[in-house]
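Heads up: the structure comes next, in structure tokens.
Values in this text are rule-based calculations from the coordinates and carry no lab data. Note that this is a predicted model, so its numbers are computed, not measured. Note that each Cβ is placed from the backbone with ideal geometry, even for glycine, and that neighbours are counted across all protein chains shown.
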Amino acid sequence: MIKKILISQPKPSSEKSPYFDIARNLGVEIVFRPFIKVEALTPVEFRQQKVSILEHTAVVFTSRNAIDHFFQLCKEMRISIPEDMKYFCITETVALYIQKYVQYRKRKVFFGATGKIDDIVPQMVKHKNEKYFIPQSDMHTQDFAALLDSKKLVHHEAVMFRTVSNDFAADEPFDYDMLIFFSPSGISSLLKNFPDYKQGDTAIGTFGPTTAKAAKDAGLRVDLEAPTPEYPSITAALSAYLTKVNG
């Protein structure tokens, strides 16, 4: 019987989140407690990468985290972003988030439709004379850079933020019947916080194939995987799982 579930993400800002429906309709307690957190590099750390932001004419954002840390570091380093800087974003949601920092003008903000990296590249190719700057996490891969190289686009990447373990306090309870993870770094944080962790009857759910692989590679039993053709979201998969397990 599953009564208490840890979702390793921040609590949703909207009360309309499906998680709250699951808790209410299926009689379970859901606790939002990230295993990881994102922190900015210091200006000194950023400068060690020897990349000049102002040598570029466009910035590519793949997440709202990238936007926050880009503008935060620019402010700390007293870099004034030119009015004519262009912004290429992975989705419209990310593009609209730019309004938090700069005036939104459609002629200088571009975004993809699907949320996949490949989808924003054609927009970048249409502006092939731009010099692209890409703020990244320390967890990035080289796939995006290789794709831009294949299109002969001028680009430079730099790490502006990193993912670190959000450690549990010694007296913090860890009495969950189910844990839900969304990234391999969440799995790493679990094992860092609890080096002698024994899964036992605790159910583990994962979102995304890389997270599932990380859990299995760590010797954990994955009881719930999403997305699937039948359950494209973690909430849909969780609802179906709880209905089956709890009856």
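Brief remarks on what is shown
- 18 Å cut-off, amide nitrogen to a point 7 angstrom out along K116 Cα→Cβ, residues in segment 46-70: 62-63
- The residues D68, D171, when put in order of fewest to most other Cβ atoms within 10 Å, stand as D171, D68.
- Two-decimal ratio, segment 39-163, of alpha-carbon radius of gyration to 2.2 N^0.38 Å: 0.97
- Listing I90, I134 from fewest to most neighbouring C-beta atoms within 10 Å gives I90, I134.
- Cβ-based exposure ranking for V109, V44, V125, V51, in which fewest neighbours within 10 Å come first: V44, V125, V51, V109
- Share antiparallel - DSSP beta bridges, the chain, percent rounded to 5: 15
- Global form of the chain, assessed from the alpha-carbon gyration tensor, a/c cut-off 1.5: prolate
- For Q9, neighbours were defined as the other residues whose beta-carbon sits under 14 Å from its Cβ, and their charges (Lys and Arg +1, Asp and Glu -1) total +4.
- Remark: the Cα gyration tensor places segment 81-129 in the oblate category, a/c being 1.5 or greater and a/b not exceeding b/c.
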